[in-house]
Amino acid sequence: MKVLISNDDGIFAKGIRALAEVVREIADEVVIVAPAVEQSAAGHAITIRSPLRYTKTRLEGLEDITAYRVDGTPADCVMLGVANEGKPDLILSGINIGSNLGFDVTHSGTVAAAIEGMTMGIPSIAFSLRVDFSKELKLDFSHGKEHIKQIVEMVSRNGLPNRTLLNVNFPDAETKGIRLASQSEHSYEDSVIERIDPNGKPYYWLSGKPYGQDVPDTDYTVVTEGYTAVTPLHFDLTHQSYMSQLSKELGL
């Protein structure tokens, strides 16, 4: 089994190291291709108006794994990784520092790397760890180790349906087990903060306060309850059940 690993936190992030350490125990070959710097919230952007560098990188303690850093987005990394290293059996993204729940998946660079793999017909999985950014970060990726192995080995054996990837979120404490979860409506109350630079001109910070609804069996609730949430995301965005109503409303 050949596995390509990427992320959006950058090639030197603790999460991608933790994922690689687990996966190399069960894979025949592991290749890391990740952004040179953090690309959080980059979404599925690709770089088309500037050149990209693909630089071999030594990762201490992971010298047995070939790694490259790219001065681009997570989607760029997957495209270059597949083009230069050959088509893998699986593409894994993460482990992201911070959950990717509900509507987060629309701007998540972590999920976008898996989306890019899915569009290439490669089974792809995104992994994220819930953290409380209001407190001192004490990252512990160990409690998701066995679930990573279980999920990766299952997908390696069985594959995934067309246009489908797995979005996996770990709780911020010892996980109670795996539960399947639907996508929630977790999102952010957006805010725009205006400030003035030394020249008297305004500039802006985009921010937001996370919120989620406690709906049973959704990713937000499952992770909040201390379980690993596994959500199969299907990328056919057509609202099929609305088609007939829309046809009538447009007089078609």
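Quick notes on this structure:
- Shape analysis of the chain places it in the rounded category; the axes a ≥ b ≥ c from the Cα gyration tensor give an a/c below 1.5.
- Qualifying GluC sites (Glu not before Pro) for the range 56-90 [loop in DSSP, other Cβ within 10 Å: at most 13]: GLU60, GLU63
- Net charge over other residues, Cβ less than 15 angstrom from the Cβ of PRO216 (K, R count +1; D, E count -1): -4
- Pairwise centroid distance, computed over Cα atoms, of the range 195-209 with the range 101-170, Å: 34 Å
- Amide H to amide H, with H built 1.01 Å from N, ILE32 comes under 5 Å of ILE5, THR66, ALA67, TYR68, counting only residues 5 or more places away or on other chains.
- Listed residues GLN245, LEU80, ASN7: farthest to the positive end of the dipole of the chain (Cβ charges): LEU80
- Mean separation of Cα contacts under 8 Å, 6 or more apart, over the residue count of the chain: relative contact order %: 17 percent
- DSSP-loop trypsin sites (Lys or Arg not before Pro) across the range 1-108, with at most 12 other Cβ within 10 angstrom: ARG49, ARG53, ARG58
- In percent, rounded to a whole number, the relative contact order of the range 47-192 is 24, using alpha-carbon pairs under 8 Å and six or more apart.
- Residue-count net charge about PRO88 - beta-carbon cut-off 14 Å; Lys, Arg +1, Asp, Glu -1: -2
- Relative contact order (%) - criterion: Cα under 8 Å, at least six apart; region: the range 1-44: 56 percent
- Distance in nm between pseudo-label sites at LEU52 and ALA173 (7 Å out along the Cβ direction from Cα): 4.1 nm
- Per residue, the chain reaches -7000 deg cm²/dmol at 222 nm when only DSSP H runs of four or more residues are counted, each adding -39500 (n - 2.57).
- For the range 128-252, the gyration tensor built on C-alpha atoms gives an oblate shape. Its axis ratio a/c (a ≥ b ≥ c) is at least 1.5, and a/b is not larger than b/c.
- Mean Cβ neighbour count within 10 Å, used as a protection proxy, ranking 112-123, 162-173 highest first: 112-123, 162-173
- Approximating the spin labels as points 7 Å out from Cα along Cα→Cβ, the GLU146-to-MET120 distance works out to 3.3 nm.
- Global form of the range 1-147, assessed from the alpha-carbon gyration tensor, a/c cut-off 1.5: rounded
Read-outs: derived from the displayed coordinates by stated rules, not from any lab. Note that the coordinates shown come from a computational prediction; the quantities given were computed from them, not determined experimentally. Methodologically, a virtual Cβ is constructed for each residue, glycine included, from the backbone with ideal geometry; neighbour enumeration extends over all protein chains shown.
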